[in-house]
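Notes for the one structure printed next.
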Amino acid sequence: GNPSVLLTDKDFFDGEPLLSESACTRLSNIVNVKLQLDSLIGLLEADDDFAGRNQTEGLDQSSIDVPSEWIGTEMYETKTTEIYNKVRTCTEEALEIELRPVLQWLASTIAAALTDEGGCAEHAKKTAFRDQYGGSIHLHEGQKVVRGPDWKWAQQDGYDEDSGVPSEGVVLEIKGTGWCKVRWPTGVQETYRAGAEGGRYDIIPVDLPKEREVLPPAVAAIEDALEETLAMLRMKVGDRGFAVTLRAVWLACVSVLETCLVNDMTGSLKAVRRAKELLERLKNYMHADGAGLPAALMQKSSQALVMTIEASLS
């Protein structure tokens with residue numbers, strides 16, 4: 001359906017990163033603690049003396065300095081694991097707190113991207129079409145045409161929505177400035193706008209160069225906001241830290257999409273199709289041709305969501 005309120009990407013995102021520089025600095029510190037902790041536990045697990053596995057060599061041979069009462073028991077490994085889990089939980093909670101502005105914004109904007117107001121690109125396409133072509137389109141008799149961005153005449157042209165293949169008509173007559181009479185394969189002959197009424201086009205030439213991609217306003221805002229915010233994050237937290245934060249953002253996006261579809265009580269498939277398209281865009285964006293998240297990680301973490309989408313569309 002057409003949106004009841006016409007929105008643009010500026011209604012969702014003002015162009016400023018979703019995180020402050022100080023938040024990025026704190027994130028960098030949090031991620032460094034997490035990475036160092038993971039490295040430490042890796043060293044411990046690789047050490048033969050960990051949990052008293054090599055006690056016969058004597059305490060003076062141990063490369064890890066631990067209280068003597070722990071050696072010979074399971075307490076060394078148990079205590080170390082407890083400390084590791086506590087610190088890791090704290091770092092993950094701190095990471096979520098610092099990323100909260102991003103995650104909250106994503107939650108509301110992804111939800112909007114599934115609605116007619118935020119997820120429909122028709123208004124944006126019309127504006128972009130007029131900006132790109134203005135009054136430069138001139139039709140002539142015998143020219144083949146298809147429905148244009150301002151089409152509002154239902155199925156007069158015989159368009160098949162299931163196949164998505166446009167129906168081609170033929171211009172029979174130029175009727176004044178900005179009007180053309182067209183015959184469609186359905187046999188219908190009617191007069192349509194071709195620049196009339198302020199540059200509106202019900203029909204356009206079939207061979208008109210394809211206009212640039214136009215995204216729904218909320219989807220465009222999501223890509224712009226991620227571009228600005230993630231670029232700053234990458235610069236502030238380094239490659240390894242960026243991978244940690246990018247993973248958290250990706251998992252949040254998947255969770256929001258799952259929640260939106262579960263809570264959608266309209267029964268409409270439009271939201272499901274929009275969710276599918278948005279998920280694919282996010283996958284491509286965050287994979288970044290191999291420079292971002294591993295494809296296998298994204299596939300596994302979104303498997304349940306994909307199955308929900310496919311089941312709804314089948």
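Between 161, 227, 98, the GNM of the chain built on Cα springs shorter than 10 angstrom shows 161 fluctuating the most.
For residue 259 and residue 186, calculate 0.36 nm times their separation in residues minus their Cα-Cα distance, and state this gained length in nm to one decimal. It would help to have the intermediate numbers written out before the result.
Numbers: separation 73, 0.36 × 73 = 26.28 nm, distance 4.32 nm.
Computed gain between residue 259 and residue 186 is 22.0 nm.
Charges were assigned to the Cβ only: +1 to each Lys and Arg, -1 to each Asp and Glu. The resulting dipole of region 114-166 about its Cα centre is roughly 280 debye.
Antiparallel beta bridges, as assigned by DSSP with both residues in region 155-275, represent about 100 percent of the total such bridges.
Taking Cα centre as origin and charging only the Cβ of basic (Lys, Arg, +1) and acidic (Asp, Glu, -1) residues, the dipole magnitude of the chain rounds to 1340 debye. Here region 179-215 is scanned for amide nitrogen atoms under 17 Å from the site 7 Å beyond the Cα of residue 122 along Cα-to-Cβ, giving 193, 200-204, 214-215.
When the Cα positions of 95, 145, 33 are compared along the charge dipole of the chain, 145 comes out farthest toward the positive end, with charges on each C-beta of Lys, Arg, Asp and Glu. Sequentially through region 185-195, phi angles give Karplus couplings (6.51, -1.76, 1.60; θ = phi - 60°) of x, 6, x, 5, 10, 9, 9, 10, 6, 9, x Hz, Gly and Pro residues having no value and appearing as x. In the chain, a dipole from Cβ-located charges (positive for Lys and Arg, negative for Asp and Glu) runs towards its positive end, and of 128, 169, 269 it is 169 whose Cα lies farthest in that direction.
Stretch residue 288-residue 10 to full length: gain in nm at 0.36 nm per residue minus the Cα-Cα span?
Working: separation 278, 0.36 × 278 = 100.08 nm, distance 2.47 nm.
Residue separation times 0.36 nm, minus the Cα-Cα distance, leaves 97.6 nm.
The ratio of the alpha-carbon radius of gyration of region 209-250 to the globular-protein estimate 2.2 N^0.38 Å is 1.51. Each label was represented as a point 7 Å from its Cα along the Cα-to-Cβ direction; for residue 86 and residue 208 these points are 6.8 nm apart. Whenever you get a sec, compute what percent of the accessible area on the chain sits on carbon and sulfur atoms (1.4 Å probe). Of all accessible area on the chain, carbon and sulfur atoms account for 51 percent.
Using heavy atoms of the protein chains and a probe of 1.4 Å, the accessible area assigned to residue 110 is about 0 Å².
Between helix 75-113 and the chain there is an angle of about 10 degrees, using the helix long axis and the longest principal axis of the Cα atoms.
Take the Cβ atoms of residue 273 and residue 108, set R0 to 22 Å, and the FRET efficiency comes out at 0.60. Across the options 244, 112, 194, the greatest Cα extent toward the positive end of the charge dipole of the chain (unit charges at beta carbon of Lys, Arg, Asp, Glu) belongs to 194.
Using the Kirkwood formula over every pair of different C-alpha atoms, what hydrodynamic radius in Å results for region 221-295?
On the way: mean 1/r = 0.0743 Å⁻¹.
Here the Kirkwood hydrodynamic radius works out to 13.5 Å.
For the chain, with every protein chain kept in place, what is the accessible area per residue (1.4 Å probe, Å²)?
Result: 56 Å² of accessible area for each residue.
Remark: relative contact order (region 161-256) = 12 percent; criterion is Cα-Cα distance under 8 angstrom and separation of 6 or more residues.
Per residue of the chain, the DSSP helices (runs of n ≥ 4 H) give a summed -39500 (n - 2.57) that works out to -18000 deg cm²/dmol at 222 nm. Partner lysines whose Cα lies under 28 Å from the Cα of residue 144, excluding those fewer than 8 positions away in the same chain, are identified as 125, 126, 152, 175, 181, 210.
From largest to smallest, the equivalent ellipsoid semi-axes obtained for the chain from the alpha-carbon gyration tensor read 59, 19, 16 Å. What FRET efficiency comes out for the pair residue 154/residue 300, r = Cβ-Cβ distance, R0 = 45 Å, nearest 0.05? It comes out at approximately 0.55.
Couplings for region 274-288, taken from phi via the Karplus curve 6.51 cos²θ - 1.76 cosθ + 1.60 with θ = phi - 60°, read 5, 4, 4, 5, 5, 4, 5, 5, 5, 4, 5, 5, 7, 6, 6 Hz in order; Gly and Pro are left as x. Each Cα pair under 8 Å and six or more residues apart adds its separation to the average, and for region 68-225 the resulting relative contact order is 24 percent. Separation of region 115-161 and region 247-270, taken as the distance between their Cα centroids, equals 30 angstrom.
The values are calculated or read from the model by the stated rules, or taken from the named source; none is laboratory data. As the structure is a computational prediction, the values presented were derived from the model and not from experiment. Here the Cβ is made from the backbone with ideal geometry for all residues, glycine too, and neighbour counts use every protein chain on show. Side chains are part of the model used for accessible areas, which takes the heavy atoms of the whole protein and leaves out ligands, DNA and RNA. Shrake-Rupley method; radii C 1.70, N 1.55, O 1.52, S 1.80 Å.
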